[in-house]
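This report refers to the structure that appears directly beneath it.
The values are calculated or read from the model by the stated rules, or taken from the named source; none is laboratory data. Being a predicted model, the structure only gives us computed values, none of them experimental. All Cβ positions, glycine included, derive from the backbone under ideal geometry; neighbour counts span all protein chains shown.
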Amino acid sequence: MNLYGRDLLKLLDYSKEEICYLLSLAKEFKKKKQNKELHPYLKGKNVVLLFEKDSTRTRCAFEVGAKDLGMGTTYLGPTGSQMGKKESIKDTARVLARMYDGIEYRGFSQDIVEELAENSSVPVWNGLTDEFHPTQMLADLMTIEENFGHLEGLNFTYMGDARNNVGNSLMVACAKMGLNFTCCAPKDLFPKEGLVKTCREIATKNNCTITLTDNVKEGVKNANIIYTDVWVSMGEKEEIWEKRIKELKPYQVNQEAINLANKDVIFLHCLPSFHDTKTKIGKEMFDKFGVKEMEVTDEVFESNCSKVMDQAENRLHTIKAVMFASLNDTKEKM
Ligand code: CP
Ligand code: NVA
């Protein structure tokens, strides 16, 4: 398997075998980290991290991952660089590619990350756009495999805003890897028809299914994995909160939903999560609309079936695997 020089813009661009390869690399890196075995295989290289939106996990995973691999990093936040304001995406890509070995981008439109990649001679990795969040998927798949020992044939239910970056990407990831994907959401938050069609074609080849339902009981029945994400994503208007809370309350992951699922069900969430009022926005929503927990209850979030912290840790190992696979030009073996 050779992914040298490859971008990671969306999982649709990767084959099942390539995804499996990245997951196996991540497993190796996790072992090395746990055994405190140093692995600076990419010494002398540098990567730049472009963030037009906030981040904890993705930024930290790229920074620590790069450091563990022996690389240097530069973080450019929403302000402080010329990108977009005085300098086009095309020019930015060409300049950065002269100085760095890889470029990570988190921002708004998928078109931006695609344009960066088109104009950059070094690999570009999508750290989240409005449409897709591919590096998150690798951590999610890794966590599922750690819990069940395999991926194929598992029943995966996504509850909530199913047309956001995470919902879209999960549908693709399940179709590619042979998991039966159920989107359990109000009809107007179902993923776009075009993407559903594409995923159904992929799923058929991989002996799995894509189901869309607005019925919670049907949606969670037999689920091995229940996954949710925030009801309002970064970049959406604040005014949308009221509508989403009303619309998505029935799709909250609570103990009742967990009880209706398979006995071995695990709960996943990409994080950050509103499972209490200990955040600024969580508190604000409680004051305005009286909701003390949103997409998941605190009970489920803190329960034994919740694997969200393993999932968060796996961001590091999988992102490291992505950087290693696309930048390793030596004969260095893992
Ligand atoms: N899950 C995720 O992407 O988290 P951050 O927004 O903290 O990077
Ligand atoms: N859908 C969320 C994911 C955060 C990791 C957002 O875009 O804000």
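Odds and ends about this structure:
- Hits in the stretch 18-55 - residues which are surrounded by 17 or more Cβ atoms within 10 Å (Cβ to Cβ), in a helix (DSSP H, G or I) and of a type in the set (Gly, Ala, Ser): Ala26
- Pairs with Cβ under 7 Å, 6+ apart, first in the stretch 29-56 and away from ligand 2 (no atom under 16 Å from the Cβ) and modelled with pLDDT of 95 or more, second small (Gly, Ala, Ser) and part of a helix (DSSP H, G or I): Phe29/Ala321; Val47/Ala66
- Candidates Thr135, Thr129, filtered to the one that is in a helix (DSSP H, G or I), of a type outside the set (D, E, K, R) and either within 16 Å of ligand 1 (Cβ to nearest atom) or surrounded by fewer than 23 Cβ atoms within 10 Å (Cβ to Cβ) (or both): Thr135
- Members of the stretch 128-167 found to be within 27 Å of Leu96 (Cβ to Cβ) and in contact with a Pro (Cβ under 9 Å, 6 or more places away or on another chain), listed by number: Leu128
- Scope the stretch 65-93; condition aliphatic (A, V, I, L, M), under 23 Å from Phe132 (Cβ atoms) and in contact with a Lys or Arg (Cβ under 9 Å, 6 or more places away or on another chain); matching residues: Ala66
- Listing of helices (runs of 4 or more DSSP H) fully contained in the stretch 276-334 that carry 2 or more residues being crowded, with 19+ Cβ neighbours inside 10 Å and of a type in the set (Ser, Thr, Tyr): 308-327
- Residue count for the stretch 56-78, restricted to those that are part of a loop (DSSP other than H, G, I, E, B) and at negative phi: 5
- Filter pass, Pro186 being of a type outside the set (A, V, I, L, M, F, W, C) and over 20 Å from Lys217 (Cβ atoms): no
- Cβ-Cβ under 6 Å pairs, at least 6 apart or on other chains, the stretch 152-180 side of a type in the set (Gly, Ala, Ser), far side buried (at least 24 other Cβ atoms within 10 Å of the Cβ) and part of a strand (DSSP E or B): Gly160/Thr228; Ala162/Cys183; Gly167/Tyr158
- The condition of being modelled with pLDDT of 95 or more and closer than 25 Å to Ala325 by Cα holds for only one of Gly167, Gly153, Gly127, Gly160, that being Gly127.
- Taken over the stretch 314-330, the criterion of being charged (D, E, K, R) and under 19 Å from Ile19 (Cβ atoms) is satisfied by Arg315, Lys320.
- Complete set of residues in the stretch 83-111 that are away from ligand 2 (no atom under 16 Å from the Cβ), in a loop (DSSP other than H, G, I, E, B) and not polar (S, T, N, Q): Gly84, Lys85, Lys86, Tyr100, Asp101
- Of residues in the stretch 128-138 being under 11 Å from Arg315 (Cα atoms) and within 11 Å of ligand 2 (Cβ to nearest atom), the one nearest to the chain's Cα centre (by Cα): Gln136
- Single condition Ser120 does not satisfy, out of (1) buried (at least 19 other Cβ atoms within 10 Å of the Cβ); (2) in contact with a Lys or Arg (Cβ under 6 Å, 6 or more places away or on another chain): (2)
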